[in-house]
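First up is the structure itself, then whatever we jot down about it.
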Amino acid sequence: MLSRRQSEWHHVVFPRRKMNLLKYLLGVFIFVLTAFCGMVSNAIPPLIINIPVVYRSVSFNGFVNLIIIIFWAISIYKSIRLYFNIVKNPKSWIANNLAYMIDTLKLYDEENFESIKNDKVVREKRIVRVIRIQYRETSKHVVVRILRDGDRFTKEATKLGENLEAALGLELDSTNKTVDYAEYVFLKHKDERIDLNSTVTNVNDSDEIKITGNISYELHKVPHSLIVGGTGSGKSFFILGKIVNYLKLTPQADLRIIDPKKADLSLLRFVTGFENKVATDANQICRILRETVELMERRYTEYFNDISAFGKTYRDFNLPIVIVIFDEFSAFMHSVDKKIAKEALDYVFTLVMKGRQAGVMIEILMQRPSADDLPTNIRAQMGFKAGLGAMDSIGYNMIFDTKNVEYKTVTEKGGGYIQLDGKHTSPVYFETPYIDKDFDFIAEIEKLMIQRAN
């Protein structure tokens, strides 16, 4: 539990204030203690006991001196330890590391000054300007703000992500830039990659889906998804895992699958309950999209047709969420004539703009980001955006509509960046839920569909 003081904003002081007075007091204390122990040792009279039986005498002065030396050593040890605890207080480790970064990167300006000492002109450099940094802690994060004051550090403020990660030894979770500052949010504890079996919150009436240990979302609050990832990125396993999650919801989600390349998702047409809900050719795809739009319109007519529906959503009427999973969207747009492409795109636009309240969602999957295939007015409505695998900044900017964000090179299969509406102000690195290589998706989906039928 953090104290109120820890959670407040603190300024990084550079150059660090020297603890000369404290060091002087420590030296004085050690000197006085040593002198005191010496005086006590000299002041103790001889402690001799005669033992008549053996006609010998035993002196205890050595034993007393040993006790005094032990007392002296313990006191010195504790005083030195107290000194270092004050100088390197654990609460100030962030400030210490940030000050070290300022020093090593020379994020300060110096000017030459002249002064006269002992009738001689002395030239010396003095720090006249320092980059201004603030920080604060929460239970899960360390937040660092680089203030943008219009000086040369204004541009530097947006480029310090990797340096801050290295200086603090923490994983960068998200960034945010305003006119006044650049903000970096770090995870105190590394985000945990979770197992597929723990991705659904097993609570009645909950539609929360967990993505990682720290990232989760509620479907009714984060409608529509855009997932981009090339071959080997883990996109296929990710969407299959999401399908399993959707079928575990209560009430169970009503899924419609579109797979124009006739890849793995198209095989769901052989699973009981998916008859007439899997489309592979252009006419079937337009039919499924049209039927989904019609279902959405019926829900509005039946459930949202008077004042009593004000402020309500599909959840208030216990309606199952309807999710269209449109795989290989770019491939479809390039493989059909313009008339069919326009018809499909119109249906997609209608679902994206009107589907949330009625509980009708769409997930669009693409191998490569393309603004030509997926217009901005559709992309902007996607509450869930993810880019998997290695991608250049142009691709990330198309997915997330962001600029000036530092992206790490993705090397882990299933790794990438994600941004959820209401959760993130900028993309954050994540790793998709772990799925055992022997996991049988078809068998699991078949089992869940049979449970619904019963």
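A few remarks follow.
- Meets criteria (aliphatic (A, V, I, L, M), in contact with a Lys or Arg (Cβ under 9 Å, 6 or more places away or on another chain) and touching a residue at least 40 places away in the same chain (Cβ under 8 Å)) for M382: no
- Qualifying residue in segment 318-341 (condition: small (G, A, S), without any contact (Cβ under 8 Å) to a residue 40 or more places away in the chain and assigned to a helix (DSSP H, G or I)): yes
- Residues within segment 116-141 that are under 41 Å from the mean Cα position of the chain (by Cα), more than 21 Å from D103 (Cα to Cα) and outside any strand (DSSP E or B), tallied: 3
- Condition check for Y314: buried (at least 21 other Cβ atoms within 10 Å of the Cβ) and free of Cβ contacts under 8 Å to residues at least 60 places away in the same chain: no
- Some residue of segment 274-283 being assigned to a helix (DSSP H, G or I), at pLDDT 90 or above and not charged (D, E, K, R): yes
- Qualifying position, being at pLDDT 75 or above and of a type in the set (S, T, N, Q), among N97, N89: N97
- Contact map, segment 151-165: first residue over 13 Å from D109 (Cβ atoms) and free of Cβ contacts under 8 Å to residues at least 24 places away in the same chain, second residue surrounded by fewer than 18 Cβ atoms within 10 Å (Cβ to Cβ) and among the charged types (D, E, K, R), Cβ cut-off under 8 Å, separation 6 or more or different chains; pairs are E165/E171.
- Among (1) without any contact (Cβ under 8 Å) to a residue 60 or more places away in the chain; (2) more than 26 Å from the chain's Cα centre (by Cα) - the single one I394 does not satisfy: (2)
- Enumerated helices (runs of 4 or more DSSP H) restricted to segment 356-454, each holding at least 1 residues that are more than 20 Å from A253 (Cα to Cα): 376-379, 393-400
- Scanning segment 393-411 for residues that are among the acidic types (D, E) and more than 15 Å from A371 (Cα to Cα) gives a single hit, E406.
- Among the residues of segment 142-179, those that are in a loop (DSSP other than H, G, I, E, B) and surrounded by 12 or more Cβ atoms within 10 Å (Cβ to Cβ) comprise R148, D149, D151, L160, L170.
- Residue match in segment 291-300 (condition: polar (S, T, N, Q), more than 29 Å from I442 (Cα to Cα) and crowded, with 16+ Cβ neighbours inside 10 Å): no
The values are calculated or read from the model by the stated rules, or taken from the named source; none is laboratory data. Worth saying up front: this structure is predicted, and the values here are computed from it rather than measured. A quick note on method: Cβ atoms are made from the backbone with ideal geometry, for glycine too, and the neighbour counts reach across all protein chains shown.
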